[in-house]
1. I need the phi-derived Karplus couplings for segment A:294-304: 6.51 cos²θ - 1.76 cosθ + 1.60, θ = phi - 60°, integer Hz, Gly and Pro marked x.
2. Which of the pairs A:K259/B:K155; A:K81/A:K236; A:K81/A:K215; A:K215/A:K299 have their Cα atoms more than 29 Å apart in this structure?
3. Per residue, how big is the convex hull of segment A:164-305 when only Cα atoms are used? Give it in Å³.
4. Once the piece of chain linking A:F285 and A:E6 is laid out straight, how much longer is it, given 0.36 nm per residue of separation minus the C-alpha distance between them?
Amino acid sequence: MTDIDETLRAYADRWTQAEPCAPDLDDSLARARASRNRRIWPVLVAVACAVALAAGLTVALSHHGPGSSASDANPAVELAKLQRIARSAATSGGDPYASADAVRTTWRRAEEVMDAKSEPNVPDDAIWLIQIHGSRLGDASWIGPAGTGPAPGPYLVLGVPIGRSHGGFEGIRQHPVDLALLGTVIRLFPAGTPPIPARLRQLARVTARQNSDPKAGAQAVRTDLRSAERVVDDSKSGEPDHAVWLIQLTGRFTCGVCKGVGPPPKGRYITLIVDAAAPYRTAAFGIGNAPVDLASLGKVITLLP
Amino acid sequence: MTQPDRTLAGYTPDMSSGLGTVRSTDAFAAFVRPHWDGMARLAHRLCGQDWEDVLQDALALAWRTRDSYDASRGTARTWLLTLVADQARKSRRRRRAAVDLVDEPSHEPDRDLDIERAVRSLSDRQRVAVELFYFLDLPVAEIAIAMSCSTGTVKSTLSDARARLRELLGGDR
């Protein structure tokens, strides 16, 4: 019995490490609530419009311009969708701390304000123009050879067609687009509110289990590779600097992943340096008895209590 | 008697009326959040490609039926995972005839693929028991509540599943 039991546990551990992140709960809940309210939507829409009008949001959310469809008639669904798109773009762009705003407009109007030009036969459809404001956006999402991609910048602009699932655009900008020129601006989310990637918790949980203390606690701080290396052991990996999470587990560990002659190392602290963008590659692993001062690098988040 | 659910952190559930005052979105989100990763993991394990739809359906069902949650009959985690398992079963029935693609594991692909296929070939009940026990780390007592059976039945189901897997994976395991 033990053989197959161990096989399954080992496979579960490996599978958990490769597991994709859970979707954002708040977005999913907004959609769940919206689906529940579909039947009473005709009644609620009047109330929602009145409330949104007072908040100055209705103009953008209820305006039905070219390309509108039934799918975007529900503001809750539309807002949740935009938040999800912006979250995903900010995270894959390398800065989950970024803020995001959106405005409803058309291709032509967006092009005018952005001083951009597309093909002349592109229809003037309605779009959502999303502007994400963060740090070195685009740096982490470029998948071509190093140095060949667009220069990272503080603004990432997305055009999301309304009523179509394809044909959008995305671009890095060094200067902001004045969204207010296009209509009522909607704040999708403020700066400094990153969703903690579910992958980090899984990683901490699996690491604790693999190293003999499944009840270990874990904390993390988002920083850059150089700073993380400096506080951990003052080493330099030679990798280009990029955003990382520094995770510290606290418990009584015996290294379960170390190979070599002699007994495996033991310690009260495990540190992991993990890339801040998917697929959250582990760049460094360490075990020892000296804690790292995570607070010196920024806001500390508890992953495992 | 099950202990009051500690995952509600600071919120005292009204045991006599399901989720009691957990009616607002924020309170419901706080109720679900500690178990959200586990729900996603189970959905992904049971459904492969459709897992996000199944997870969304389970969350919508939890929101609609939140008044029916009874803390005296099991923890929030058990209730939420049961909803995911139910939605996964419905989803699998809908697409039974479709090709069941296996996600390529990142380590030891051949061996992992064999294990994955073997696990997927188990009966529905054996598979749910295996997923909850090995991939969600649920104790047998909680699995029993989720599967509406006794702990002894869970143990025998797991034992049968292991025997079946041993048979499928050959004598070297």
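Derivation of every value follows stated rules applied to the coordinates shown; laboratory data play no part. If you're wondering where the values come from, they're calculated on a predicted model, not measured in any experiment.
1. Those phi angles translate into 5, 4, 6, 9, x, 6, 8, 10, 7, 8, 10 Hz.
2. Values: A:K259/B:K155 35 Å; A:K81/A:K236 41 Å; A:K81/A:K215 37 Å; A:K215/A:K299 23 Å.
Flagged as over cut-off: A:K259/B:K155; A:K81/A:K236; A:K81/A:K215.
3. Values: hull volume 25.1 nm³, N = 142.
It comes to 177 Å³ per residue, whole-number rounded.
4. Difference between extended and current length: 98.0 nm.
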